[in-house]
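Novice: One structure follows; several queries about it will come next.
The values are calculated or read from the model by the stated rules, or taken from the named source; none is laboratory data. Here the structure is a predicted model, which means the values were calculated and not measured. Ideal geometry is used to build each Cβ from the backbone, glycine not excepted, and the neighbour counts take in all protein chains shown. For accessibility, only protein heavy atoms count, side chains too; no ligands or nucleic acids. Shrake-Rupley method; radii C 1.70, N 1.55, O 1.52, S 1.80 Å.
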Amino acid sequence: MRILGIESSCDETGVALVDASGSGVPRLLGHALHSQIEMHQAYGGVVPELASRDHIRRVLPLTDAVLAQAGLGLDAIDAIACTRGPGLAGALLVGTGVAHALGVALGRPVHGVHHLEGHLLSPFLSADPPSFPFVALLVSGGHTQLMRVDGVGRYALLGETIDDAAGEAFDKSAKLLGLGYPGGPALSRLAEHGDPAAYKFPRPLLHSGDLDFSFAGLKTAVLTQVKRLARAAPEGPATSHLADPLSPQEKADVAAGAQAAIVDVLVKKSLAALQATGLRRLVVAGGVGANARLREQLNAQAARQGLRVHYPELALCTDNGAMIALAAGLRAQAGLLDGAEATGRFDVAPRWPLALVE
Ligand code: KG4
Ligand code: ZN
């Protein structure tokens, strides 16, 4: 059973083909990705209309590339999976529309996959795949959630952010420091040269006793710190014309402090979720899962407490088609695909809680 997966929920067009025959973990036969980051950089964030138009341009050439990698033709595809949500409505419609058009043309079923289910299952494609049950820390640009995962389609929400997502906190802090979009990778690179203890940043809800997060206050704290440093910068003709009065070291220190605050909360709450559920296995998925400090701290805690932490391969941390094809493959193996034939009628789900997926 070969499944083509199409991801188009935000600013990456991803296509992949997996072989989900048998009961082993589905095997990746090919995958291709186009990131729109460069296109959106000029605007400091994702422009939804531009994202949709670019998905239209990319999705078929990427599909051709994937089939060429696998040495197969369109007729080798047994089913098609696409991201149905959550995400940008227009962007989701492109991938979903193409998936259904292919389904009708080839006479194959089409399955709408939850984007976060893709992220959550993506470590199954790594060299060190997890086994159920586990706690999942989902940290992307739009979501920060802790889920209890008992099997494919068995997801229970343990806690989530009450305002900004962790990725958003990275992106907004980075923007305040004049770094490009997306801010997470840039901020984390800058933080390598900074002192995380140079300035104090809040760790909201750290001791709240529940598994919820709050990151909206962090950007205010970063803004306040940046303004304080800017005021303290020496006035005069040599610097007054500069738009950026912070020294490189001050910027690196702010970046390191903001990153440490986000990571501390993520680590503490993940460990609390393991303790609350009695589970000993953590899966980290979503773009922020690529963060080196987060990985370091989780690995250190895991070694100390005898816990296991699983991550997707770095290339599959951010959005991609492989995780969508994989999720559909695992659902098929678990008997959770309904096998609906494509009729040409479809919808998308821009807002769709993962806990509703069964
Ligand atoms: O999962 P993802 O690719 O897209 C969504 O579904 O949102 O996550 C994107 C987010 C962005 O906020 C980006 O800044 C963040 O992941 N990110 C990182 C790193 N790489 C990506 N944040 C911190 N450190 C990184 N190395
Ligand atoms: Zn994502």
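Novice: Could you give the distance between the Cα centres of the stretch 14-66 and the stretch 109-128, to the whole Å?
Specialist: When both Cα centres are located, 14 Å separates them.
Novice: Output the pairs from Lys200/Lys269; Lys219/Lys269; Lys175/Lys227 with a Cα-Cα distance over 18 Å in this structure; if there are none, say none.
Specialist: Pairs exceeding the cut-off: Lys200/Lys269; Lys219/Lys269.
Novice: Can I ask one more? By how many nm would the segment from Glu38 to Ala232 grow when fully extended, if each residue of separation counts as 0.36 nm and the alpha-carbon distance is taken off?
Specialist: Here the answer is 66.4 nm.
Novice: Asp338 to Ile162: FRET efficiency via 1/(1 + (r/R0)^6), r the Cβ-Cβ distance, R0 45 Å, to the nearest 0.05?
Specialist: 0.85
Novice: Ranking request for peptides 74-80, 282-288: highest mean number of other beta-carbon atoms within 10 Å first, then the rest in descending order.
Specialist: Highest mean packing first, the order is 282-288, 74-80.
Novice: Sorting check: for 250-260, 265-275, which peptide has the highest mean count of neighbouring beta carbons within 10 Å, and how do the rest follow?
Specialist: 250-260, 265-275
Novice: Given a 1.4 Å probe, how much area per residue of the stretch 188-289 is accessible, in Å²?
Specialist: That works out to 49 Å² for each residue.
Novice: With just the Cα atoms defining each centre, how far is the stretch 141-183 from the stretch 286-340? Give it in Å.
Specialist: Using only Cα atoms, the two centres lie 14 Å from each other.
Novice: Can you tell me how much longer the chain between Leu74 and Glu313 gets when fully stretched, taken as 0.36 nm per residue apart minus their C-alpha distance, in nm with one decimal?
Specialist: 83.3 nm
Novice: With helices defined as uninterrupted DSSP H runs, which ones in the chain have an alpha carbon span along their own long axis of at least 24 Å and mean Kyte-Doolittle hydropathy of at least 1.0?
Specialist: 89-106
Novice: Sequence-distant or interchain residues sharing an amide H contact under 5 Å with Ala342, placed H: which?
Specialist: Result for Ala342 returns Arg108, Val110.
Novice: Same structure again: Could you list which residues have their amide H under 5 Å from that of Asn320, counting only those 5 or more apart in sequence or on another chain, with H placed in the peptide plane?
Specialist: none
Novice: Could you check how much of the accessible area of the stretch 25-160 is carbon and sulfur, as a whole percent, using a 1.4 Å probe?
Specialist: 55 percent
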